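All remarks here apply to the structure that follows.
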Amino acid sequence: MNKRLFYLFLLFPVFLTGCIEQKVVDEIGIIHNVGFDYEEGGLLETAVLPEYTDTDRTNLISAEEHSPIQLKGSLSKASQYDIRYGQIRILVFGKELSEKGITEIIESICKDPSLGNVRIATTNERAADILKATVSLRPLYLMELVDNGILNEGVPDVSLHTLLDQFYGLGLDVYIPNLTVDPSGVLKIDGLSLFKGDKLKLTIPNQEMYIFKLINEKNKKGTYEFTLERGGKEQIIGIESLYGKHDIELKRENEGVVATINLKLDLELNGLPNWMDIKKAEDRKYLKDYIEHSYSEAVHKLVTKFQTNQVDPLGLGIITRAGEKGWSENDFYQNVYPDMKFKVNTDVIIRQSGAGKS
């Protein structure tokens with residue numbers, strides 16, 4: 001082979017690399033946690049910026065603008081690095097912003113094609129305060145907290161993709177896990193925020209959030225507490241749901257539309273009182289009936305609460321739309337949903353149990 005051609009062949013890959021934009025990690029700002037607040041008529045964006053050249057250091061940077069489109073550029077000006085959104089793992093919406101509406105954020109930041117499977121959260125406080133509490137923690141701690149809640153603690157699975165589906169879909173309202181910082185400074189999941197349109201309508205506590213997940217998602221894993229009563233005695237019982245299934249049926253009857261919710265669960269009990277012997281058929285039947293009634297009552301109370309507050313996170317509108325021609329979202333939520341009746345059937349199987357003290 002001609003020597004000149006040989007050397008040109010060796011240099012060819014070098015020329016190719018010049019066609020690709022290259023960024024050194026030390027020269028860009030890779031942020032994982034971002035929060036948005038409404039602040040004095042504008043938007044405040046706060047981000048946690050890890051220093052990958054110095055693992056013991058994490059910076060909290062912020063920018064304030066009237067338009068979300070301007071926030072990214074302003075955030076870069078608050079840092080010595082070029083800020084990149086591609087590795088964001090969680091977005092947090094502050095309470096005041098959630099109450100005023102999150103449309104601007106969704107239509108700008110959340111539609112950024114560089115974003116992947118981002119977790120979404122709200123807070124009853126300022127998003128900036130939530131992020132401030134993470135500065136001394138691992139960069140991915142907040143995402144891991146939410147992920148663990150989704151897998152094991154009865155937290156609904158919400159990501160950027162599900163948020164966009166809820167927001168732009170018909171017959172379903174937005175729901176997002178809520179975060180808080182307790183008095184000792186520990187970050188916790190604190191219930192579920194429910195939206196009507198783009199505005200925060202209602203926040204439900206952790207126990208109701210767990211009940212909601214049972215009748216809305218395949219993953220039934222979570223814990224529940226109730227007070228067991230019998231013969232003048234009572235004790236708080238802990239239940240862990242292992243797995244199960246549910247379905248929702250809507251039928252038009254004489255009294256209007258009736259939603260029947262069927263729930264089947266496999267459970268593990270913790271802390272049975274010594275005045276209950278699950279080996280006895282009578283006690284076992286009493287316990288099973290009591291638990292089924294407790295779950296059915298909790299589900300009925302929750303869906304009635306949704307109805308009273310005119311929110312539909314279960315997507316009953318979607319279920320109705322699938323079986324009716326000429327379905328109208330406005331007609332459903334104005335004339336059908338307010339008068340809907342609910343029936344709940346619960347069937348539990350007790351797989352394991354433990355003993356406790358009365």
- Subset of the stretch 184-198 [in contact with a strand residue (DSSP E or B) (Cβ under 8 Å, 6 or more places away or on another chain) and surrounded by fewer than 16 Cβ atoms within 10 Å (Cβ to Cβ)]: Lys188
- Item | Qualifying residue in the stretch 308-319 (condition: in contact (Cβ under 8 Å) with a residue 40 or more places away in the chain, touching a Lys or Arg at 6+ places or on another chain (Cβ under 9 Å) and surrounded by fewer than 16 Cβ atoms within 10 Å (Cβ to Cβ)) | yes
- Query: Of all residues in the stretch 285-307, which are within 14 Å of Ile261 (Cβ to Cβ), open to solvent by less than 10 Å² (accessible area, probe 1.4 Å) and not hydroxyl-bearing (Ser, Thr, Tyr)?
  - Reply: Val299, Leu302, Val303, Phe306
- Task: Please tell me if Pro273 is touching a Lys or Arg at 6+ places or on another chain (Cβ under 8 Å) and open to solvent by less than 40 Å² (accessible area, probe 1.4 Å).
- Result: yes
- Message: Can you tell me which condition Leu302 does not meet? The list is (1) touching a residue at least 12 places away in the same chain (Cβ under 8 Å); (2) on the phi > 0 side of the Ramachandran plot, and all the others hold.
- Response: (2)
- Candidates Lys245, Lys218, Lys264, Lys201, filtered to the one that is assigned to a loop (DSSP other than H, G, I, E, B), among the charged types (D, E, K, R), open to solvent by 50 Å² or more (accessible area, probe 1.4 Å) and in contact (Cβ under 8 Å) with a residue 24 or more places away in the chain: Lys218
- Query: How many of the residues making up the stretch 204-223 are out of contact with any Phe, Trp or Tyr (no Cβ under 6 Å at 6 or more places or on another chain) and over 16 Å from Leu314 (Cα atoms)?
  - Reply: 5
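If the requirement is being touching a helix residue (DSSP H, G or I) at 6+ places or on another chain (Cβ under 7 Å) and over 22 Å from Gly191 (Cα atoms), which of these qualifies: Ser108, Ser114?
Working: Ser114 fails: touching a helix residue (DSSP H, G or I) at 6+ places or on another chain (Cβ under 7 Å).
Of the residues listed, the single one that is touching a helix residue (DSSP H, G or I) at 6+ places or on another chain (Cβ under 7 Å) and over 22 Å from Gly191 (Cα atoms) is Ser108.
Being under 25 Å from the mean Cα position of the chain (by Cα) and not small (Gly, Ala, Ser) is the filter here; which residues of the stretch 232-248 pass it?
Start the filter on the stretch 232-248 by keeping residues that are under 25 Å from the mean Cα position of the chain (by Cα), which leaves 238-248.
Hits for the stretch 232-248 are Ile239, Glu240, Leu242, Tyr243, Lys245, His246, Asp247, Ile248.
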- Message: Which of the numbered conditions does Glu253 fail, given that it passes all the others? Conditions: (1) in contact with an Asp or Glu (Cβ under 9 Å, 6 or more places away or on another chain); (2) among the acidic types (Asp, Glu); (3) open to solvent by 30 Å² or more (accessible area, probe 1.4 Å).
- Response: (1)
- Item | From the options Asp173, Asp157, residue that is closer than 16 Å to Leu302 by Cα, part of a loop (DSSP other than H, G, I, E, B) and open to solvent by 10 Å² or more (accessible area, probe 1.4 Å) | Asp173
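The values are calculated or read from the model by the stated rules, or taken from the named source; none is laboratory data. Predicted model, so just to flag it, every value in this text is computed and none were measured. A quick note on method: Cβ atoms are made from the backbone with ideal geometry, for glycine too, and the neighbour counts reach across all protein chains shown. Areas reflect the complete protein model, heavy atoms only, side chains present, ligands, DNA and RNA absent. Shrake-Rupley method; radii C 1.70, N 1.55, O 1.52, S 1.80 Å.
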